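Enquirer: Before anything else, here's the structure in question.
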Amino acid sequence: MRGKIEAEFADLGEQSLKNIARPLRVYRVGSSSVARQPITAPAALPLPDKPSIAVLPFANLSGDPEQEYFADGMVEEIITALSRIRWLFVIARNSSFTYKGQSVDVKQVGRELGVRYILEGSVRKAGGRVRITSQLIDAITGAHLWADRFDGLLEDVFELQDKVALSVAGVIEPTLRQSEIERARRKRPDSLDAYDLYLRALPYTGAAMPEDADKALPLLGKAIELEPDFAAAHAMIAWCHEARYLRGGMQEETRNAALRHARQAIAEGGDDAAALAIAGFVIAVCGRDFETALSALDRSVALSSSSALALSFAAAVRAWNGDDAIAVEQGNRALRLSPFHPWLYMPYMGLAYAHFAACRFEEAIAAASLASQSNPRFTPPLILHAAALGCLGRSEDAKPVIQRLLELQPGFTVATAILSARYVNSEKIAALANALRRAGLPEG
């Protein structure tokens with residue numbers, strides 16, 4: 001072919017190729033006119049209008065070619081799990097795997113793929129064990145946002161693969177959300193769009209108390225003015241009204257607003273796991289419609305089995321509905337998936353409700369205490385903590401818990417507790433009320 005076509009041939013020597021027994025001589029072919037031109041870097045792709053991530057092929061550090069398939073399969077599982085997070089733009093496998101076997105500059109990869117975040121990692125086999133490491137990097141700044149490692153037996157590689165994929169997805173969701181919140185805070189106020197307004201509201205929603213909800217609602221209201229079908233914003237508005245209703249006077253108009261926005265979140269967010277979970281929880285609290293609530297929560301968990309938030313809300317509602325065993329299983333799964341989630345108090349609340357209903361009062365105290373540590377201003381854990389102590393006859397231990405409850409929610413009484421309790425079984429509500437009386441809560 002040399003001299004017969006307009007092309008240049010560069011002899012790359014003999015190369016060992018996968019699945020071919022003997023080495024082959026390899027040539028690089030290029031146009032002679034192009035070959036003499038200076039090489040220019042590809043133009044940077046614009047970033048999408050939502051958080052974006054590429055999962056690069058994990059490096060196989062074990063020297064065992066068989067682990068290559070395991071590493072590739074695990075990356076595919078992570079991509080699949082992340083793709084279920086509706087607010088996240090995830091680069092497809094075919095694009096991210098073009099970097100396989102290369103030493104990459106994450107900033108360059110970010111520019112070439114048009115993403116803000118890069119997940120990379122490695123797999124190493126030693127003896128009968130496998131170690132997997134992964135790290136999340138901001139491709140714009142090069143900053144490391146999160147890193148972890150996972151160890152397991154080689155014979156359990158597929159179970160380990162699933163565990164890593166779910167754990168990484170579960171941790172990345174809140175990590176990226178926090179990173180995006182910080183980014184939105186740095187923007188000029190006149191540059192905000194609906195999503196930025198939503199992000200700015202999120203720090204005020206975590207405490208789930210009325211005074212914080214009042215700060216979040218104006219921002220969320222502007223977000224749905226700009227984007228009326230923004231399911232996540234409607235869900236968060238519902239969540240804020242739920243806090244204002246249940247812990248702010250139980251006004252009927254507040255309850256109606258919570259239900260209206262929760263229903264709209266379900267209507268607009270059929271494929272948004274977080275929106276469905278929050279909306280389902282609000283409908284259980286404010287509407288006592290457990291059939292609709294559990295339908296939304298089950299859809300949420302099915303859409304994103306790695307969502308700690310979905311599992312946390314599902315655990316609480318299952319506990320109220322009398323499904324104690326399922327509630328405990330879902331609460332524990334949420335904790336395993338995302339042990340540092342900013343709303344960590346929610347799975348502990350699900351566990352506390354379930355343990356109290358099952359008369360496991362020591363376990364209820366432990367879960368409620370951990371919920372309070374995660375969110376010190378949230379009052380429901382204090383209610384359950386005091387009630388469990390009352391059931392155990394430990395009224396002296398309950399006094400400081402009751403005192404803290406009344407500091408945060410003045411005027412709270414046994415009568416208020418009966419109105420706000422969400423157990424379907426009326427006997428559980430009566431047991432809660434009697435326990436709070438024994439703990440020293442005023443009757444009302």
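Enquirer: In Å², what does the accessible area per residue of region 110-155 work out to with a 1.4 Å probe?
Expert: Values: 2130 Å² over 46 residues.
Result: 46 Å² per residue.
Enquirer: Further, regarding this structure: Between Asn434 and Glu396, what is the label-to-label distance in nm when each label sits 7 Å out along the Cα-to-Cβ direction?
Expert: 2.5 nm
Enquirer: Please list the non-local residues whose amide H lies under 5 Å from the amide H of Val55, H modeled 1.01 Å from N, same-chain partners needing a gap of 5 or more.
Expert: Residues meeting the criterion, in which the H sits 1.01 Å from N, are Ile91, Leu119.
Enquirer: How big is the dipole moment of region 112-255 about its Cα centre under a simple scheme where the beta carbon of each Lys and Arg is +1, that of each Asp and Glu is -1, and everything else is neutral? Debye, nearest 20, please. List each step's numbers first, then the result.
Expert: Values: 19 positive and 24 negative charges, 106 e Å.
In total the dipole reaches around 520 debye.
Enquirer: For Asn256 and Arg377 in one chain, what is 0.36 nm times their gap in residues minus the Cα-Cα distance, to one decimal in nm?
Expert: Numbers: separation 121, 0.36 × 121 = 43.56 nm, distance 2.49 nm.
Extra length from Asn256 to Arg377 when fully extended: 41.1 nm.
Enquirer: Over the chain, with every protein chain in place, what whole percent of the accessible area is carbon and sulfur at 1.4 Å, could you tell me?
Expert: Values: 10640 of 20640 Å².
That share works out to 52 percent.
Enquirer: Continuing with this model, one more query. Quick one: grab the alpha carbon gyration tensor of region 294-444, order the square roots of its eigenvalues as a ≥ b ≥ c, and give me rounded if a/c is under 1.5, else prolate or oblate depending on whether a/b is larger than b/c. Please list the in-between numbers first.
Expert: Working: a/c = 2.02, a/b = 1.65, b/c = 1.23.
Cα axes put region 294-444 in the prolate bin.
Enquirer: Magnitude of the Cβ-charge dipole of the chain, K/R +1 and D/E -1, about the Cα centre, nearest 20 debye?
Expert: On the way: 49 positive and 52 negative charges, 138 e Å.
In total the dipole reaches around 660 debye.
Enquirer: Report the full-extension gain for the segment Ala147 to Glu76: residue separation times 0.36 nm, less the Cα-Cα distance, to one decimal in nm.
Expert: Numbers: separation 71, 0.36 × 71 = 25.56 nm, distance 1.89 nm.
Fully extending the segment from Ala147 to Glu76 adds 23.7 nm.
Enquirer: Per residue, how big is the convex hull of region 228-301 when only Cα atoms are used? Give it in Å³. Provide the component values of the computation, followed by the final result.
Expert: On the way: hull volume 4.7 nm³, N = 74.
In region 228-301, the Cα hull volume divided by residue count equals 64 Å³.
Enquirer: Also, I was wondering about something else. For the chain, just list the percent of Cα-Cα distances falling in each 20 Å bin from zero outward, please.
Expert: Final binned percentages: 23, 47, 23, 7, 1.
Enquirer: At a threshold of 8 angstrom on Cα-Cα distance, excluding pairs fewer than six apart, so keeping six or more, what relative contact order does region 226-275 reach in percent?
Expert: On the way: 55 pairs, mean separation 25.6, N = 50.
Rounded, it is 51 percent for region 226-275.
Enquirer: Okay, moving on. Please go through the residue pairs Lys107/Lys163; Lys100/Lys125; Lys163/Lys428 and name each one whose alpha carbons sit more than 27 Å apart in this structure.
Expert: On the way: Lys107/Lys163 29 Å; Lys100/Lys125 19 Å; Lys163/Lys428 36 Å.
Those over the limit are Lys107/Lys163; Lys163/Lys428.
Enquirer: Given labels modelled 7 Å from the Cα in the Cβ direction, how far is it in nm from Ile140 to Thr98?
Expert: Result: 2.3 nm between the two label points.
Enquirer: Accessible area per residue for region 165-301 in Å², computed with a 1.4 Å probe and the full protein assembly in place, what is it? Please list the in-between numbers first.
Expert: Numbers: 5170 Å² over 137 residues.
Normalised by residue count, the accessible surface of region 165-301 is 38 Å².
Enquirer: I'd like the accessible area for Lys107: 1.4 Å probe, protein heavy atoms, all chains in place, Å² to the nearest 10.
Expert: It works out to around 80 Å².
Enquirer: Just need the relative contact order of the chain here, percent rounded to a whole number, with Cα pairs under 8 Å and 6+ apart.
Expert: Numbers: 810 pairs, mean separation 38.5, N = 444.
Computed value for the chain: 9 percent relative contact order.
Enquirer: Ignoring the sites themselves, what is the longest stretch of the chain with no GluC sites (Glu not before Pro) in a DSSP loop and at most 12 other beta-carbon atoms within 10 Å? Show your work: numbers first, answer last.
Expert: Numbers: sites that count: Glu6, Glu443.
It runs 7-442.
Enquirer: If you average 1/r over every pair of different alpha-carbon atoms in region 48-104 and take one over that average, what Kirkwood value in Å do you get? All intermediate terms of the calculation are to be shown ahead of the outcome.
Expert: On the way: mean 1/r = 0.0821 Å⁻¹.
Its Kirkwood hydrodynamic radius stands at 12.2 Å.
Enquirer: On a C-alpha basis, how far is the centre of region 325-380 from the centre of region 395-440 in Å? Whole number, if you could?
Expert: Spelled out, the Cα-based centre of one part sits 17 Å from the other.
Enquirer: Hey, another quick one. Convert each backbone phi in region 340-348 into a coupling constant with the Karplus relation 6.51 cos²θ - 1.76 cosθ + 1.60 (shift: θ = phi - 60°), then list the ³J(HN,Hα) values in order as whole Hz, x for Gly and Pro.
Expert: 10, 4, x, 9, 4, 5, 5, x, 5
Enquirer: Which ³J(HN,Hα) values, rounded to whole Hz and listed in residue order, are derived for region 373-386 from phi using the Karplus coefficients 6.51, -1.76 and 1.60 in 6.51 cos²θ - 1.76 cosθ + 1.60 with θ = phi - 60°, glycine and proline given as x?
Expert: Per residue, the Karplus-derived 3J(HN,Hα) values read 5, 6, 9, x, 9, 8, 7, x, x, 5, 4, 5, 4, 5 Hz.
Enquirer: Treating only the Cβ of Lys, Arg, Asp and Glu as charged (+1, +1, -1, -1), what charge dipole size does region 214-255 show about its Cα centre? Round to the nearest 20 debye.
Expert: Details: 5 positive and 7 negative charges, 45 e Å.
My answer is approximately 220 debye.
The values are calculated or read from the model by the stated rules, or taken from the named source; none is laboratory data. Predicted, not measured: the structure shown is a model, and the values here were computed from it. Glycine also receives a Cβ, built like all others from the backbone with ideal geometry; neighbour counts cover every protein chain displayed. Heads up: the accessible areas ignore ligands, DNA and RNA and are worked out on the full protein's heavy atoms, side chains in. Shrake-Rupley method; radii C 1.70, N 1.55, O 1.52, S 1.80 Å.
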